[in-house]
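Participant: Provided herewith is a single structure, encoded as structure tokens, for subsequent inquiry.
Rule-based calculations on the coordinates, nothing more; no lab input. Everything numeric here is computed off the predicted structure, so don't read it as measured data. Every residue, glycine among them, receives a Cβ derived from its backbone with ideal geometry; neighbour counts consider all protein chains shown.
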Amino acid sequence: MDSKDFVVLEDLYGAHNYLPLDVVITRGKGIWVWDVEGKKYLDFLSSYSAVNQGHCHPRLLKALKSQAQKLTLTSRAFRNDQWPLLAKELCDLTGYEMALPMNSGAEAVETAIKAARKWAHQKKGIAQGQAEVIACSNNFHGRTITLISFSTEALYRKDFGPFTPGFVIVPYGDLKALEMAVRPNTAAFLVEPIQAEAGILIPPDEYLKRAKEICEKNRVLFIADEIQTGLGRTGKLFACEFDGVKPDMTVIGKSLGGGFYAVSAVLSSREILGLFKPGEHGSTFGGNPLACAIAREAIRVLKEEKMIENAAELGKYFLEKLKTLKSRHIKEVRGKGLLIGIELHPEAGGARRFCEALKEEGLLCKETHEHVIRFAPPLMIKKRDLNWAFKRIAHVFKQAE
């Protein structure tokens, strides 16, 4: 079967809830992937930052094989020997006291919201069913009914109501709006340090720091969704570190599983996560030994192979290089670490056509919110590979002129 055959098959039998580029990938190694015809591409998306360590990293593969031969799932009805080790290693790495494991990022965000509400009722004294969470416009925290209930993107909400109450929306980056939105029944403020899905939107300097101060002053929990920005993507372990902020809760996922397995977690204090009692929350697969063994090695790989430092150094280099592009189609180039977006003018005809042209040049990336091209290569990329990519990007923009 060739690529066209697979595209036809997927479109016939698969639900059309995505609009992928028509490249059918069959193999990956490091920063490179190959399609079914054998053409080689540089992966400049990293599965939306889930493959920070690169495709099929040999150490992760070894960890998966080793654990899969011994034990894959016990459910949480019994204990296993991998989850306690991952929990300790996560806390040692991040300075938090407790961790709660889930599978997808959306599940972890839902967990954080449940924890915040429980804390608000039991510790802050907010009446049952009255706890509110403040979120930001243009947010993306997942696809569940509750999470789209506070999305401001019409496409994510149309035909999916009724929605979950209890959420207040404020403009992203607006401290005054945040302060005005806080009320006696406010439980938490949920925010992405950088809004990746919205188009790599970076808030004003010290926004997170001031927002945390507002939360502390009003006894409101500060929750950071670091699912895309965390674990080295921006050049630090967590993007909140740029503002010197330690959230009350941090949500992680994606590259925690190194592209091998869906693993996510909520990190927080004993005062907050310690409120959960047996039976109040859980997941059959959350904290399973296979996921935990992979996650433990995924963290070690990021640290020992200095991928976070590489993201900081090469992210700065590549961002400066991209800013030298001269094109009437480019409105702005922005980013932090190896999370970079090129925003185009509306007259450019949309980012999709540029992503399709880059695919033909052997570079895989994806548009977000119609007018932004998102670049997020694996964190183990080298300068020569970024130079290779830049030549293709420059060529595509030159052709578009």
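Participant: Can you pull out every residue in segment 344-357 that is touching a residue at least 60 places away in the same chain (Cβ under 8 Å) and either buried (at least 19 other Cβ atoms within 10 Å of the Cβ) or among the β-branched types (Val, Ile, Thr) (or both)?
Facilitator: Scanning segment 344-357 gives a single hit, Cys355.
Participant: Another question about this same structure. Search segment 213-267 for residues being in contact with a Phe, Trp or Tyr (Cβ under 6 Å, 6 or more places away or on another chain) and not in a loop (DSSP other than H, G, I, E, B), and hand back the single one that is surrounded by the most Cβ atoms within 10 Å (Cβ to Cβ).
Facilitator: The selected residue is Leu267.
Participant: Let me ask something else about it. Is it the case that Ala99 is more than 27 Å from Gly199 (Cβ to Cβ), outside any loop (DSSP other than H, G, I, E, B) and either touching a Gly at 6+ places or on another chain (Cβ under 6 Å) or among the small types (Gly, Ala, Ser) (or both)?
Facilitator: Yes.
Participant: Could you list, in sequence order, the residues of segment 68-119 that are of a type in the set (S, T, N, Q) and within 15 Å of Ser269 (Cα to Cα)?
Facilitator: The answer is Thr94, Thr111.
Participant: Just one of Gly315, Gly341 is in a helix (DSSP H, G or I) and buried (at least 19 other Cβ atoms within 10 Å of the Cβ); which is it?
Facilitator: Testing whether each residue is in a helix (DSSP H, G or I) and buried (at least 19 other Cβ atoms within 10 Å of the Cβ) leaves just Gly315.
Participant: Just to verify a result, which residue in segment 381-395, among those that are crowded, with 20+ Cβ neighbours inside 10 Å and not small (Gly, Ala, Ser), is farthest from Ala357 (Cα to Cα)? Give the derivation first.
Facilitator: Within segment 381-395, the first condition is being crowded, with 20+ Cβ neighbours inside 10 Å, and the residues that meet it are 381, 386, 389, 393.
Retained after the next criterion (residues that are not small (Gly, Ala, Ser)): 381, 386, 393.
On the way: Ile381: 22, Leu386: 18, Ile393: 9 Å.
So, considering only residues that are crowded, with 20+ Cβ neighbours inside 10 Å and not small (Gly, Ala, Ser), the one farthest from Ala357 (Cα to Cα) is Ile381.
Participant: Right, here's the next one. Given the conditions (1) touching a Ser or Thr at 6+ places or on another chain (Cβ under 9 Å); (2) in contact (Cβ under 8 Å) with a residue 24 or more places away in the chain, and given that Arg117 satisfies all but one, which numbered condition is not satisfied?
Facilitator: Going through the list (1) touching a Ser or Thr at 6+ places or on another chain (Cβ under 9 Å); (2) in contact (Cβ under 8 Å) with a residue 24 or more places away in the chain, Arg117 breaks only (1).
Participant: Another one. Every residue in segment 172-212 that is in contact with a helix residue (DSSP H, G or I) (Cβ under 9 Å, 6 or more places away or on another chain), closer than 15 Å to Val133 by Cα, surrounded by fewer than 20 Cβ atoms within 10 Å (Cβ to Cβ) and among the hydrophobic types (A, V, I, L, M, F, W, C), please.
Facilitator: Val182, the sole residue that qualifies.
Participant: May I ask you to list the residues in segment 26-57 that are of a type in the set (A, V, I, L, M) and either in contact with a His (Cβ under 6 Å, 6 or more places away or on another chain) or crowded, with 17+ Cβ neighbours inside 10 Å (or both)?
Facilitator: Residues satisfying the conditions are Ile31, Val33, Leu42, Leu45, Ala50, Val51.
Participant: On to the next question. Phe276 is checked against (1) hydrophobic (A, V, I, L, M, F, W, C); (2) in a loop (DSSP other than H, G, I, E, B); (3) in contact with a strand residue (DSSP E or B) (Cβ under 8 Å, 6 or more places away or on another chain); (4) within 25 Å of Leu339 (Cβ to Cβ) and fails just one. What number does that condition carry?
Facilitator: Unmet for Phe276, out of (1) hydrophobic (A, V, I, L, M, F, W, C); (2) in a loop (DSSP other than H, G, I, E, B); (3) in contact with a strand residue (DSSP E or B) (Cβ under 8 Å, 6 or more places away or on another chain); (4) within 25 Å of Leu339 (Cβ to Cβ): (4).
Participant: Is it true that some residue in segment 369-382 is closer than 17 Å to Gly54 by Cβ and among the basic types (Lys, Arg)? Outline the logic, then answer.
Facilitator: Start the filter on segment 369-382 by keeping residues that are closer than 17 Å to Gly54 by Cβ, which leaves 375-382.
Filter again for among the basic types (Lys, Arg), leaving 382.
Checked segment 369-382: at least one residue is closer than 17 Å to Gly54 by Cβ and among the basic types (Lys, Arg).
Participant: Starting from segment 148-162, keep only residues that are among the acidic types (Asp, Glu), then list their pairs with residues that are part of a loop (DSSP other than H, G, I, E, B) whose Cβ atoms are within a distance under 8 Å, requiring at least 6 positions of separation or different chains.
Facilitator: Hits for this filter: Glu153/Asn138; Glu153/Phe140.
Participant: For segment 7-85, which strands (runs of 3 or more DSSP E) that fit wholly inside it have 1 or more residues that are in contact with a helix residue (DSSP H, G or I) (Cβ under 7 Å, 6 or more places away or on another chain)?
Facilitator: In segment 7-85, the matching strands (runs of 3 or more DSSP E) lie at 32-35, 40-43.
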